[in-house]
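The values are calculated or read from the model by the stated rules, or taken from the named source; none is laboratory data. As the structure is a prediction and not an experimental result, all values here were calculated from the model. With ideal geometry, Cβ positions are generated from the backbone for all residues, glycine too; neighbour counts draw on all protein chains shown.
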Amino acid sequence: MKVVVLFLAMIVGVVAGQDQKVFGKSEEASFEGKVVRIKIGEKDLSNGQSFKFWERTLERAVEEGAKGIVFDLDTPGGLAFPTEEFMSTVAELPLRTVAYVNPKAMSAGSLISVSTDEIYMAPGSKIGSSGLVNSMGEIDPVMRAKLESYFSAQVRYIMKKKNHRIEVMEAMMLLSDEERTIGDVVVKPGHLLALNSTEAVKMMDDGPLLAKAEMDSIEDVLRAEGWSESDMVTAEPTGFEKFAWWVASISGILILVGLAGGYFEMKTPGFGIGGVVCLVAFALFFFGNYMAGKMAGYEMAAIFVLGLILIAVEIFVIPGFGVFGIVGLILSFGSLLYSMVDRVQWRNYEWSGEGVIDAWNYWFSGGDVFDV
């Protein structure tokens, strides 16, 4: 029993104190004087936790004096709005940034690529096809026009800032009823532009079409940038971060286990295994979701406990099912649902009348109903 109490106290202390250094920065080597490699793989841009890790990595790189950042991309795309926010972060970095397309940076991957100072491509690699799609179905024409206008404005700003060709990215993002010619590549009506490595590095009168050069390996990219291979360090999530993300991913199971433990405890006299299971399951739930960047925290945990108290009052003190029980259920289940909402997306969501269903999809379907 003492072990359980100590375990719960540690979780509450970490959540309430909001001190992640014990499990985060202290167990990682410094980025000082290093070239930080950030790998973006097949599923990373569809995982909201990846963006949080990358944001933290970039903050560390700046704070600790890294030489530069290399994005090693092999992705078919992912979430639209987190990618748009991350583009801004990358574009404004006071460090040299490089993208290495190895072997593909499609859709959202191309948006991150053009946010860097320089793009290199592996032989035979591909980049582009960056149109917006809706994972929940067809996008309403008016909504599509709004979204494309918004993303296009962001892309034009970043492309100009990074000295990339605006017309290239617009041909990758926006459909046209007319045939377009980008360099030597002809884009047919109703199609989006995708470039292979040979086309992307094609020299025009004022420089390459998009990418600086083809490179066989990331080591070649480092040498081309004047960096040493020995200086490269690959950013990896800490074991504690991975644990927190895993806990957040099984939130539904933890809720069921916690409820089952609580029910079993109510059916047996005294405090036993059911109570322990209930406490541990819900402590892990709130702790994991908080550490994973959700709205969970000691406030939500307190509301959840208050709801349980009101339910207990309804059951044991005031027989029947009335006000205390209803309010208790609302507080308990409301706090559980709210705890799984992403903090950043809650703040950034525009309440413009999409309705409860759209809001639910936005917060719980991987964080974004729109992909790119």
Consider the stretch 93-126. How many of its residues are within 15 Å of residue 166 (Cα to Cα) and either in contact with a strand residue (DSSP E or B) (Cβ under 7 Å, 6 or more places away or on another chain) or not aliphatic (A, V, I, L, M) (or both)?
8
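Given the structure, is residue 197 hydroxyl-bearing (Ser, Thr, Tyr), surrounded by 17 or more Cβ atoms within 10 Å (Cβ to Cβ) and within 23 Å of residue 54 (Cβ to Cβ)? Lay out the reasoning, then the answer.
Working: hydroxyl-bearing (Ser, Thr, Tyr): yes; surrounded by 17 or more Cβ atoms within 10 Å (Cβ to Cβ): yes; within 23 Å of residue 54 (Cβ to Cβ): no.
Here the answer is no, as residue 197 does not meet what is asked.
Every residue in the stretch 183-200 that is outside any loop (DSSP other than H, G, I, E, B) and either within 27 Å of residue 70 (Cα to Cα) or outside the structural domain of residue 132 (by TED's automatic domain parsing) (or both), please.
Just the residues of the stretch 183-200 that are outside any loop (DSSP other than H, G, I, E, B), to begin with: 185-187, 194-200.
Of everything in the stretch 183-200, those that are outside any loop (DSSP other than H, G, I, E, B) and either within 27 Å of residue 70 (Cα to Cα) or outside the structural domain of residue 132 (by TED's automatic domain parsing) (or both) turn out to be 194, 195, 196, 197, 198, 199, 200.
Residue check: is residue 171 in contact with a Lys or Arg (Cβ under 6 Å, 6 or more places away or on another chain), more than 19 Å from residue 42 (Cα to Cα) and in contact (Cβ under 8 Å) with a residue 12 or more places away in the chain?
Numbers: in contact with a Lys or Arg (Cβ under 6 Å, 6 or more places away or on another chain): yes; more than 19 Å from residue 42 (Cα to Cα): yes; in contact (Cβ under 8 Å) with a residue 12 or more places away in the chain: yes.
Considered against the rule, which asks whether it is in contact with a Lys or Arg (Cβ under 6 Å, 6 or more places away or on another chain), more than 19 Å from residue 42 (Cα to Cα) and in contact (Cβ under 8 Å) with a residue 12 or more places away in the chain, residue 171 comes out as yes.
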Quick one: which strands (runs of 3 or more DSSP E) sit completely within the stretch 46-148 and have at least 2 residues that are within 14 Å of the chain's Cα centre (by Cα) and among the small types (Gly, Ala, Ser)?
none
Between residues in the stretch 234-252 that are closer than 21 Å to residue 338 by Cα and residues that are of a type in the set (Val, Ile, Thr) and surrounded by fewer than 19 Cβ atoms within 10 Å (Cβ to Cβ), which pairs lie under 9 Å by C-beta distance while being six or more apart or on different chains?
none
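So that you can scan it fast, the table gives a plain yes or no per residue for (1) at pLDDT 95 or above; (2) more than 18 Å from residue 234 (Cβ to Cβ); (3) aliphatic (A, V, I, L, M):
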residue: 58; (1), (2), (3): yes, no, yes
residue: 73; (1), (2), (3): yes, no, yes
residue: 82; (1), (2), (3): no, yes, no
residue: 87; (1), (2), (3): yes, yes, yes
residue: 90; (1), (2), (3): yes, no, yes
residue: 95; (1), (2), (3): yes, no, yes
residue: 100; (1), (2), (3): yes, no, no
residue: 122; (1), (2), (3): yes, no, yes
residue: 132; (1), (2), (3): no, yes, yes
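Looking for whichever is more than 21 Å from residue 301 (Cβ to Cβ), of a type outside the set (Phe, Trp, Tyr) and loosely packed, with under 15 Cβ neighbours inside 10 Å here; the options are 252, 239. Which one fits?
On the way: 252 fails: more than 21 Å from residue 301 (Cβ to Cβ).
Result of the check over 252, 239: 239.
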Quick check, is residue 171 modelled with pLDDT of 95 or more and not in a helix (DSSP H, G or I)?
no
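Criterion first (of a type outside the set (Lys, Arg), touching a residue at least 24 places away in the same chain (Cβ under 8 Å) and more than 13 Å from residue 41 (Cα to Cα)) does residue 53 satisfy it? Walk me through it before giving the result.
Numbers: of a type outside the set (Lys, Arg): yes; touching a residue at least 24 places away in the same chain (Cβ under 8 Å): yes; more than 13 Å from residue 41 (Cα to Cα): yes.
The answer is yes for residue 53.
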Selection from the stretch 226-258 of residues touching a strand residue (DSSP E or B) at 6+ places or on another chain (Cβ under 7 Å), modelled with pLDDT of 90 or more and not hydroxyl-bearing (Ser, Thr, Tyr) yields 227, 231, 232, 233, 235
Candidates 146, 104, 162 - the one that is modelled with pLDDT of 95 or more and surrounded by fewer than 18 Cβ atoms within 10 Å (Cβ to Cβ):
162
Six or more apart or on different chains, Cβ under 8 Å: which pairs go from a residue in the stretch 177-188 that's closer than 19 Å to residue 208 by Cβ to one that's of a type in the set (S, T, N, Q) and not in a strand (DSSP E or B)? Could you list them?
187/176
So residue 151 ticks every box in (1) farther than 20 Å from residue 46 by Cβ; (2) touching a residue at least 40 places away in the same chain (Cβ under 8 Å); (3) crowded, with 20+ Cβ neighbours inside 10 Å but one. Which box is left unticked?
(1)
(1) of a type in the set (Ser, Thr, Tyr); (2) under 25 Å from residue 73 (Cα atoms); (3) at pLDDT below 95: which one isn't true of residue 176, the others all being true?
(2)
